[in-house]
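Q: First the structure, which I've put down as structure tokens, then a few questions once you've had a look.
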Amino acid sequence: QVQLVESGGGLVQPGGSLRLSCAASGTIYRINAMGWYRQAPEKQRELVAAITSGGSTNYADSVKGRFTISRDNAKNTVYLQMNNLKPEDTAVYYCNGYIRTGWSRPASDYWGQGTQVTVSS
């Protein structure tokens, strides 16, 4: 079993910053990639940012230049630094891990419980 636990969400004014963290624990052989998705009310879940074990990153166009994803491989933790937040960034943010639980097992997707980010004055 793998658990992903997020923290760092909250209420912030437009132009403010937040930092999300997500720690993976459990039976982990290898974390291939980790990322952040978000889902606003009545919208589909979308990719925000992702990072591979080698450090390659990918961002949604809407957050490029404002958000930065990073990871600490030793701690199995991924971070999302969010700057210059806008009201349209309001959503539940979910951590995702593409993780192998054994040397002979393929990677599978695991999800955190989600953390609310609200950008409002």
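Q: Cut-off under 18 Å on the C-alpha distance; same-chain residues fewer than 8 positions from K86 excluded. Which lysines are left, in chain and number order?
A: K43, K64
Q: If you roll a 1.4 Å probe over the chain with all protein chains in place, what percent of the accessible area is carbon or sulfur? List each step's numbers first, then the result.
A: On the way: 2970 of 6540 Å².
Here it works out to 45 percent.
Q: I need the P(r) histogram for the chain: all alpha carbon pairs, bin width 5 Å from 0 out to the longest distance, whole percents.
A: With a bin width of 5 Å, the distribution comes to 2, 12, 23, 24, 19, 10, 6, 2, 1, 0, 0.
Q: Test of understanding: what is the full-extension gain from K64 to L47, defined as 0.36 nm times their sequence separation minus their Cα-Cα distance?
A: Full extension from K64 to L47 adds 4.9 nm.
Q: Please calculate how many Å² of accessible area the stretch 46-121 carries per residue, with a 1.4 Å probe and no DNA, RNA or ligand atoms counted. Don't jump to the answer; show the numbers that get you there.
A: Details: 3900 Å² over 76 residues.
Result: 51 Å² per residue.
Q: Can you tell which of A40, V119, N96 lies farthest toward the positive end of the dipole of the chain, using +1 and -1 charges on the Cβ of basic and acidic side chains (Lys, Arg; Asp, Glu)?
A: Selected residue: N96.
Q: Separate question: For the stretch 28-37, take each phi angle, set θ = phi - 60°, evaluate the Karplus expression 6.51 cos²θ - 1.76 cosθ + 1.60, and give the result in whole Hz per residue in order, putting x for glycine and proline.
A: Karplus-based 3J(HN,Hα) across the stretch 28-37 equals 10, 8, 7, 9, 6, 7, 9, x, 10, 10 Hz.
Q: Could you pull the accessible area for S53 with a 1.4 Å probe, rounded to 10 Å²?
A: Estimated to the nearest 10 Å², S53 gives 40 Å².
Q: Which FRET efficiency value, to the nearest 0.05, is calculated for A107 and S17 with the Förster distance at 25 angstrom and r the Cβ-Cβ distance?
A: According to the calculation, E is roughly 0.20.
The values are calculated or read from the model by the stated rules, or taken from the named source; none is laboratory data. These numbers come from a predicted model, not from an experiment. All Cβ positions, glycine included, derive from the backbone under ideal geometry; neighbour counts span all protein chains shown. Only protein heavy atoms, including side chains, enter the accessible area calculation; ligands, DNA and RNA are left aside. Shrake-Rupley method; radii C 1.70, N 1.55, O 1.52, S 1.80 Å.
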